[in-house]
1. According to a simple spin-label model (label point 7 Å from Cα along Cα-to-Cβ), what is the distance in nm between Glu272 and Lys238?
2. What whole number of Å gives the distance from the Cα centroid of the range 175-248 to the Cα centroid of the range 11-72?
3. How far apart, in nm, are two points set 7 Å out from the Cα along the Cα-to-Cβ line at Lys131 and at Lys64?
4. To test your reading of the geometry: what angle, between 0 and 90 degrees and rounded to tens, separates the Cα axis of helix 195-205 from the longest principal axis of the chain?
5. Give me Met4, Met180, Met43, Met266 ranked fewest to most by other Cβ atoms within 10 Å of their Cβ, as a rough exposure proxy.
6. Taking other Cβ within 10 Å of each residue's Cβ, how do Asp23, Asp190, Asp95 sort, fewest first?
7. Report, in listed order, any pair from Lys238/Lys281; Lys172/Lys238; Lys64/Lys170; Lys114/Lys161 with a Cα-Cα distance greater than 26 Å.
8. What list of ³J(HN,Hα) values in whole Hz, one per residue of the range 6-11 in order, does the Karplus curve 6.51 cos²θ - 1.76 cosθ + 1.60 (θ = phi - 60°) give from phi, with Gly and Pro shown as x?
Amino acid sequence: MIKMDFSQLLHEVTPHTLMFQTDNSNAGVIIFPNFIVAIDPTMYPPDARGFRDILEKNYKKPVKFLLITHYHGDHVFGAAPFKDVEIISHESQLDLIDEKLKGEWSKTAFEEWKKEEPDRADAIDQIEICKPTKTFKSEFIITDEENGYRLEIYHAGGHTKDSSFAYFQKEKVIFAGDLMFAKSFPWAGDPTCNPDAWIQAFEKILTLDFEHVIPGHGPLVGREEIVKHLDFFKDLRKIIKKSIEKGISADKIKIPNFYSPVQPGMDTRSIEHWLKFYSLK
């Protein structure tokens, strides 16, 4: 087996923030004076273990907190190497995880997954669903007042019911989780996705003083990417509402010019969800 050099996946954004970028999802890092905060563990435990090991080796500090921005597997499945730290999430993540464990995350489902992806079988076997140990309703703050460090974590909803983002004002960095699919069509088809809340999340982020956005997927971006996504979402919302009024079906809706989806069907399934969401309002 080829040993991966995890340091190649770790990129400095500012002096005290980093992005860890895998093929499946991104993770974020804030280096406090005496400890480390990790944001999302990525999808597979071997990657997450390498992520944590390289952080603690390079910075000579322990990881004290792990924020899981939302309940999707590519942001939850890698948490086992962090199960000894404080795992933070929005309070609704507990129920969302419990629901998944009854079906898509059952032992039987994971055995089927291993058959479909035998090359991933060992990594899948290492997955342990770690529920948050600390939850919050609207916001959660991690501070080191003596050294002027403050990480603000806000519940937003939108992408999923439990979606949250973090803001490190000291170095003007937003950790967006899957509120941001940078340079790609966003996955907006989760059953708990709320397009209005997602738009409001972008609007709130734009009130903050930031320069860098670490997305849940894709490359590092800046303020202009939030503006671009917000404009697209607002245009799409208008189109969806007009389509409902005129009785236009999902396959006939013309999506505004935007990025292509990373996976086939992400755009069409997202449109179907938005149609259902606004039809019920």
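Laboratory data are not the source of any read-out in this text; all were calculated from the coordinates shown. Everything quoted here is computed from the prediction, not taken from an experiment. As a convention, Cβ positions derive from the backbone with ideal geometry for all residues, glycine included, and neighbour counts pool all protein chains shown.
1. Rounded to a tenth, the inter-label distance reads 2.7 nm.
2. One Cα centre to the other: 24 Å.
3. Here the modelled spin labels are 2.6 nm apart.
4. Helix 195-205 sits at roughly 50 degrees to that axis.
5. Sorted ascending by nearby Cβ count, the order is Met4, Met266, Met43, Met180.
6. Asp23, Asp95, Asp190
7. Result: Lys172/Lys238; Lys114/Lys161 exceed 26 Å.
8. 5, 5, 6, 8, 9, 10
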